[in-house]
Amino acid sequence: MPALPPPEPGDPVEAVDTPALVLDLDAAERNIATMAGYASRHGLLLRPHAKSHKSPELARLQLAAGAVGVCVQKASEALALADGGVEDLFVSNEVIAPAKLAALARLAGRVRLALAVDSPLGVQRLAAAVRDAGTTVRVLVEVDVGQGRCGLAPEQAGVLAAAVLAAAPAGLTFGGLHAYHGGAQHLRAPAERAAAIHDSARRVTVALESLQRNGIRCPLVTGAGTGTFIHETGTGVWGELQPGSYVFLDRDYADNEPAPGAPRFEHALFVKSRVISEHGTHAVVDAGHKAHAIDSGMPGVWGRDLEFGNGGDEHGILTRRGAEPLPALGDTVWLVPGHCDPTVNLHDSYVVVRGGLEHGKVHALWPVAARGALR
Ligand SMILES: Cc1ncc(COP(=O)(O)O)c(C=O)c1O
């Protein structure tokens, strides 16, 4: 692609061309430290989800802060992060295609690898791939804890875990239960989130009883996201937390009403945009939904009392909410993406800044290494 000159380390943030995906590294580091401190105070393992950032650099910061490894959702994400030096990966999703399983089984020769399963066929195919590769993979049986997406009924956990154990000669080890409730993360009221996770815990307990009936000990229950981890903690059932979005705190998460006593995170991911057209009634910025994902709604406008309206793929339309005047032609406007994961996936790299958005400097450009890792 014929490129405009990229930002250089040391450039003032003011000089970063728009639209740009900007990571406020100081804020991200504070978020990483806050979550790591929380997990350690509660005696829980932390395995952040890398689907949010898709970046080996950010994964390494999480590991340095105490994470035991990271989660990924796709085989190709696992490969991209392993190539970036991450050595402990959990694919927290079902993989059924033999070609992908073969690649993952080979990957297990160079990193510690775990995978979720929710079917006998999944176990059978994984066992065949691992046997062929001569490697070892830790397997977590996924239980549907309320979302009605992947995961088997809790009563069936014991039978599937027995199938995993039976595949020990092929190289599978039983790692426990994967129990994540995606649908609970953005319930706005803490009481609603608490109730959903209370029910998830009941379902995990049924799964644990099913393991017991089959004479199987459960080494670990893993799950939880940014919206609910405080509730999983409270149940005493989960031993490992998988939050991802806390690194960035997107607009959708900021709209959650915080649970009393929950750690607070701050916005660390922005799309820098610029007013390219101004009309008294509205101002138009150069960042539409090619620059930020809108599946969870429009971005927030950071530090300004302005409404962002959808102007299509290349534009955003800013209008006043109150007395604050519209920005002028050429002004910078910082957008807080509605949903961080798919926003990151739209960009080749992060412009990583230190010293704040107003007066800071470009620290580095970090590639979004697992950008487009859909397979
Ligand atoms: C299995 C799993 N664990 C953890 C997460 C992290 O959730 P969040 O980004 O909401 O913290 C996700 C997000 O989709 C997920 O699918």
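Where a Cα-Cα gap under 19 Å defines reach, which lysines qualify for K74, not counting those fewer than 8 residues away within the same chain?
K51, K54, K100
Quick one: 3J(HN,Hα) in Hz for the range 249-265, Karplus 6.51/-1.76/1.60 with θ = phi - 60°, rounded, Gly and Pro as x.
6, 6, 4, 5, 5, 5, 6, 5, 6, x, 6, x, x, 6, x, 9, 10
Name the residue farthest towards the positive end of the dipole of the range 253-321 from the options G303, G316, A291, assuming +1 on Cβ of Lys and Arg, -1 on Cβ of Asp and Glu, about the Cα centre.
Farthest along the dipole direction, towards plus: G303.
Calculate the FRET efficiency for R60 and E266 from the Cβ-Cβ distance with a Förster distance of 30 Å, rounded to the nearest 0.05. Don't skip to the answer; put the middle values down first.
Numbers: r = 21 Å, r/R0 = 0.69.
The formula returns an efficiency of 0.90 here.
Of the peptides 248-255, 210-217, 174-181, how do they stack up when ordered by the mean number of other Cβ atoms within 10 Å, highest first?
Values: 248-255: 21.4, 210-217: 15.4, 174-181: 26.9.
The packing order, highest mean first, is 174-181, 248-255, 210-217.
Using alpha carbon centroids, what distance separates the range 180-242 and the range 49-90, in Å?
Answer, in whole Å: 23.
For a quick check: with amide H placed at 1.01 Å from N, whose amide H comes under 5 Å from G300's, ignoring anything fewer than 5 positions away on the same chain?
Here the answer is R251, V336, G338, since their amide H atoms fall under 5 Å of that of G300.
Arrange the peptides 62-72, 335-345 so that the one whose residues have, on average, the most other Cβ atoms within 10 Å appears first.
On the way: 62-72: 21.7, 335-345: 23.6.
In descending order of packing, they fall as 335-345, 62-72.
Rank by packing, highest mean first: peptides 275-284, 193-202, with packing defined as the count of other Cβ atoms within 10 Å averaged across residues.
Details: 275-284: 14.9, 193-202: 19.5.
Those peptides, ordered most packed to least, come out 193-202, 275-284.
Calculate for the chain the 222 nm mean residue ellipticity that helices alone would give, adding -39,500 (n - 2.57) per DSSP H run of length 4 or more and normalising by residue count, nearest 500 deg cm²/dmol.
On the way: 10 runs with 109 residues, N = 375.
One gets -9000 deg cm²/dmol as the mean residue ellipticity at 222 nm.
In whole Hz, what ³J(HN,Hα) sequence does the range 339-347 give by Karplus (6.51, -1.76, 1.60; θ = phi - 60°), x for Gly and Pro?
These are the phi-based 3J(HN,Hα) values: 9, 5, 4, x, 5, 4, 5, 8, 10 Hz.
So how strong a dipole does the range 221-372 carry about its Cα centre when Lys and Arg Cβ are +1 and Asp and Glu Cβ are -1, to the nearest 20 debye? Don't skip to the end; give the middle numbers.
On the way: 11 positive and 19 negative charges, 77 e Å.
Dipole size: approximately 360 debye.
Might you report the magnitude of the Cβ-based charge dipole of the range 108-182 about its Cα centre, with Lys and Arg at +1 and Asp and Glu at -1, to the nearest 20 debye? Could you put the intermediate results ahead of the total?
Working: 6 positive and 5 negative charges, 70 e Å.
Dipole magnitude for the range 108-182 comes out near 340 debye.
Once you order the gyration tensor axes a ≥ b ≥ c over the Cα atoms, which shape class does the chain get: rounded for a/c under 1.5, otherwise prolate or oblate by comparing a/b with b/c?
Numbers: a/c = 2.31, a/b = 1.73, b/c = 1.34.
Note, shape of the chain comes out prolate.
Placing +1 at every Lys and Arg Cβ and -1 at every Asp and Glu Cβ, with all other atoms neutral, what dipole size does the chain have around its Cα centre, in debye to the nearest 20?
With only Lys, Arg, Asp and Glu charged at Cβ, the dipole is about 1320 debye.
Using θ = phi - 60° and the Karplus curve 6.51 cos²θ - 1.76 cosθ + 1.60, what whole-Hz ³J(HN,Hα) does each residue of the range 145-155 get, with Gly and Pro shown as x?
So the J values, rounded to whole Hz, are 9, x, 7, x, 10, 6, x, 8, 4, x, 4.
Can you list residues whose amide H is under 5 Å from G175's amide H, if they're 5+ apart or on another chain and H is modeled 1.01 Å from N?
V139, L140, V141
Filter the GluC sites (Glu not before Pro) in the range 297-375 to those in DSSP coil with at most 14 other Cβ atoms within 10 Å of their Cβ, and list the result. List each step's numbers first, then the result.
Numbers: sites: E307, E314, E358; in loops: E314, E358.
Listed in order of number, the matching sites are E358.
Just so you know, all these numbers are worked out from the coordinates, no wet-lab data involved. What you are looking at is a predicted structure, and each value in this text was computed from that prediction instead of being measured. Heads up, the Cβs are rebuilt from the backbone with ideal geometry, glycines too, and the neighbour counts pull from every protein chain shown.
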